[in-house]
1. Could we say that E102 is among the acidic types (D, E) and either under 14 Å from the mean Cα position of the chain (by Cα) or over 20 Å from A64 (Cβ atoms) (or both) here?
2. Look at the stretch 98-139 and say how many of its residues are of a type in the set (V, I, T) and within 12 Å of A85 (Cβ to Cβ).
3. Just for the stretch 71-99: of the residues that are surrounded by fewer than 21 Cβ atoms within 10 Å (Cβ to Cβ) and assigned to a loop (DSSP other than H, G, I, E, B), which one is nearest to the chain's Cα centre (by Cα)?
4. Give the residues of the stretch 46-59 that are under 18 Å from A120 (Cβ atoms) and at pLDDT 95 or above, sorted by residue number.
5. Yes or no: F141 crowded, with 19+ Cβ neighbours inside 10 Å, at pLDDT 95 or above and among the hydrophobic types (A, V, I, L, M, F, W, C)?
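The values are calculated or read from the model by the stated rules, or taken from the named source; none is laboratory data. The structure presented is a predicted model; accordingly, all values stated were derived computationally and were not measured. Note that each Cβ is placed from the backbone with ideal geometry, even for glycine, and that neighbours are counted across all protein chains shown.
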Amino acid sequence: MLRKLLIILALGLVLIKLATQQQPNASPNLTFTTLNGDFVSLNTWRNKAVLITFWATDCPSCVAEIPMLRELYQQFHPQGLEILAIAMYYDPPSHVVSLTAEQQIPYPVVLDTRAEYAQAFGNIQLVPTILLIAPNGQIVFQHSGQLLKAQLTALISLFLPTATITNTP
């Protein structure tokens, strides 16, 4: 019962945040090179919900949210969610590679060595910053700071056709 109430409250907070945001902006059409050398284009992810996290290895909140993001990816990726982690320009690449392996991050991780991705998404400077791109390519949510798993679960569920909210902490 308490978990259901928490989920309802989280959904309410998300809806309030969505309602008070300015008009959604179209996501930039970017192509990224992942740590594995693969190319990922936001255009190829149209018709999917995409969660982008800007993070840094020296940010305790960023590192703390990795297990939650990993769980969300495992839960929602089969339903169409994509997650992309963008390491900030000041983050040493060797630290990003090490932490990615240590945390067993299953979703793509990219380096933003020239801050071009942060600029493209509105000059992101604070971490962690999470953006949600709706299947239509519009950025519908942006938040700097940590979010609760229930909040992200509720938000993601709004944009996945077959998503179900499960009772996970």
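1. Numbers: among the acidic types (D, E): yes; either under 14 Å from the mean Cα position of the chain (by Cα) or over 20 Å from A64 (Cβ atoms) (or both): no.
Judged against the criteria, E102 is not a match.
2. 7
3. G80
4. At the first step, the residues of the stretch 46-59 found to be under 18 Å from A120 (Cβ atoms) are 46, 50-56.
Selection gives V50, L51, I52, T53, F54, W55, A56.
5. Working: crowded, with 19+ Cβ neighbours inside 10 Å: yes; at pLDDT 95 or above: no; among the hydrophobic types (A, V, I, L, M, F, W, C): yes.
When the stated conditions are applied, F141 does not pass them.
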